[in-house]
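Let me begin by presenting the structure, written as structure tokens, before commenting on it.
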There are 2 protein chains.
Amino acid sequence: MSDVPRVRVLLFDVFGTLVDWRTSVAERIADVLGPDVDGGALADAWRARYRPAMDAVRSGARPYAPLDVLHRENLDAVLAEMGLADRVGEGDRRRLNRAWHTLRAWPEVPAALVRLRRDHLVAPCSNGDVDMLVSIARTNGLIWDAVLGAGFVGEYKPSPAVYLRSAGALGCRPEEVMMVAAHSWDLEVASGLGMRTGFVARPDEHGPGRGEREPSLPVDVAAADLAELADALGAA
Amino acid sequence: MSDVPRVRVLLFDVFGTLVDWRTSVAERIADVLGPDVDGGALADAWRARYRPAMDAVRSGARPYAPLDVLHRENLDAVLAEMGLADRVGEGDRRRLNRAWHTLRAWPEVPAALVRLRRDHLVAPCSNGDVDMLVSIARTNGLIWDAVLGAGFVGEYKPSPAVYLRSAGALGCRPEEVMMVAAHSWDLEVASGLGMRTGFVARPDEHGPGRGEREPSLPVDVAAADLAELADALGAA
């Protein structure tokens, strides 16, 4: 672990990094569709359409649409693909889509974020919508100084504008910011823009053993979880 | 006081409504320029240029510029006007301009906001920049669910987009939102857009006896301060 320069602001990826989206979504699927649907498999198929949907926005093929809208389109497509279209009505589709608003944090996150917030400004820099991130924060008792990222900027990561305008909104140059994420691609973009990088391992993000254990690039801090990242940054 | 329908979100004006900008700025002026400058008068002259500067943005005469930039231009103009230009160097001008980042809340605000946040999402809908509002929140221990308003939308109140896009960011229709302000003009715009309105009296905002005691339009709640507004909304 290298010497960590003083950072004023911590920007956080949310899905996977702070919240266990797969377990939360799979449980909602089980609630709504019953035990004979494989919730984990449906959650994976749903999430697999996330990046391509955002790519269509990033490429300019379609204008910016909130993640809630993309999630719903992707859900409709996945249900059709899995032969479930006739079985799931409008109300249930809405309940399923709302699962992304109440994702549960990984266990150590709420306490670690309190520690990190003592000496840093903290904000999500996520592809989630503002209301989605606000709801996730309320679900888990997380306190943010501001809610930044795609909903603030009107573009999706990894567009550089999302990182730079989030830092700028807090009055910071990139080198005063650490991007915290469980995904090397996210940290690679941030690093390329001059930001510090904090990797948090989420080896089970996509199911047991299916997540990043180690970053694929040099980072300023690599931690097993957010509590260890707080230790590394000297949080009380 | 009329029956108040259930509102999910409270949007707050900040300058004057939640913070005593005049006293805070006057004290900074006294710190920086010494006792022979009338801090209150300079603060008033500085603030008097606030609305015209934003009007230039709203009219399209100039592109959106953050409030920090407008404040600084206005400070330079006021110092020149008052014959103080030669006496105040760059460092002191910066210190003066930063006064707007550490404005102190009116005394009852922090505790009342905690009460209001229990049952409502709360966010500033101010003409302040995001970093300015974040710093003011930290100065006073205020907790926001999100930081909305001009810095989020890239336009200044009273442009309707500032109110509507702030409500939209929290997933709300206007009628689910109450705009809280000490200024009738602010509530008039919000009301015209279908929002609920909460007036908080700040009779000393511009100095003793120079502030709005009563709203000049019908409002859903009129309160003597934010604690009374919390009472009226049934906050525990």
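The values are calculated or read from the model by the stated rules, or taken from the named source; none is laboratory data. Note that the coordinates shown come from a computational prediction; the quantities given were computed from them, not determined experimentally. Because the Cβ atoms are built from the backbone with ideal geometry, glycine has one as well, and the counts that use them run over all protein chains shown. Areas reflect the complete protein model, heavy atoms only, side chains present, ligands, DNA and RNA absent. Shrake-Rupley method; radii C 1.70, N 1.55, O 1.52, S 1.80 Å.
Below is a table of values for the structure above.
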{"quantity": "Region A:179-236, Rg to Rh (Cα coordinates; Rh as Kirkwood inverse mean 1/r)", "calculated": "0.98"}
{"quantity": "For region A:34-153, with +1 on Lys and Arg beta carbons and -1 on Asp and Glu, the positive-most of A:ALA77, A:LEU96, A:ALA137 along the dipole", "calculated": "A:ALA137"}
{"quantity": "Principal semi-axes in Å for chain A [√(5λ), Cα gyration tensor, largest first]", "calculated": "30, 19, 16"}
{"quantity": "Sequence ranges B:195-201, A:20-26, ranked by mean other-Cβ count within 10 angstrom, highest first", "calculated": "B:195-201, A:20-26"}
{"quantity": "Amide H partners (placed H, <5 Å) of B:MET179, local residues excluded", "calculated": "B:LEU11, B:ARG196, B:THR197, B:GLY198"}
{"quantity": "Formal net charge of residues neighbouring B:ILE143 (Cβ-Cβ distance under 15 Å; K, R +1; D, E -1)", "calculated": "+4"}
{"quantity": "Separation of the A:ARG138 and B:ASP119 label points, Cα + 7 Å toward Cβ, nm", "calculated": "1.3 nm"}
{"quantity": "Two-site FRET efficiency, B:GLU108 against B:ARG51, from Cβ-Cβ distance with R₀ of 45 Å, rounded to 0.05", "calculated": "0.95"}
{"quantity": "Gain in span if fully extended, A:GLU27 to A:ARG173, counting 0.36 nm per residue against the direct Cα distance", "calculated": "48.5 nm"}
{"quantity": "Between region A:185-222 and region B:116-140, the alpha-carbon center distance in angstrom", "calculated": "31 Å"}
{"quantity": "Distances in nm from A:TYR64 to the matching label points in the other copies, shortest first (labels 7 Å along Cα to Cβ)", "calculated": "0.9"}
{"quantity": "Portion, in percent, of the accessible area of the protein assembly as shown that falls on carbon or sulfur, probe 1.4 Å", "calculated": "51 percent"}
{"quantity": "Calculated label separations, B:THR139, copies of the chain, 7 Å along the beta-carbon direction, nm", "calculated": "3.6"}
{"quantity": "Accessible surface buried once A binds B (1.4 Å probe; total of both sides; Å²)", "calculated": "1500 Å²"}
{"quantity": "List of region B:127-174 residues, accessible area with partners at least 20 Å² below that of the chain alone (1.4 Å probe)", "calculated": "B:VAL130, B:ASP131, B:VAL134, B:ARG138, B:ILE143, B:TRP144, B:ASP145, B:ALA146, B:VAL147, B:PHE152, B:ALA169, B:LEU170"}
{"quantity": "Region A:124-236 shape via C-alpha gyration tensor axes, a/c threshold 1.5", "calculated": "rounded"}
{"quantity": "Ratio of the Cα radius of gyration of the protein assembly as shown to 2.2 N^0.38 Å, where N counts its residues", "calculated": "1.03"}
{"quantity": "More than 19 angstrom apart: percent of Cα pairs within region A:12-105", "calculated": "38 percent"}
{"quantity": "Position B:ARG210, label points 7 Å along Cα→Cβ, spacing to each other copy in nm (shortest first, one decimal)", "calculated": "6.7"}
{"quantity": "Rounded Å value of the spacing that divides the Cα centres of region B:41-86 and region A:13-64", "calculated": "48 Å"}
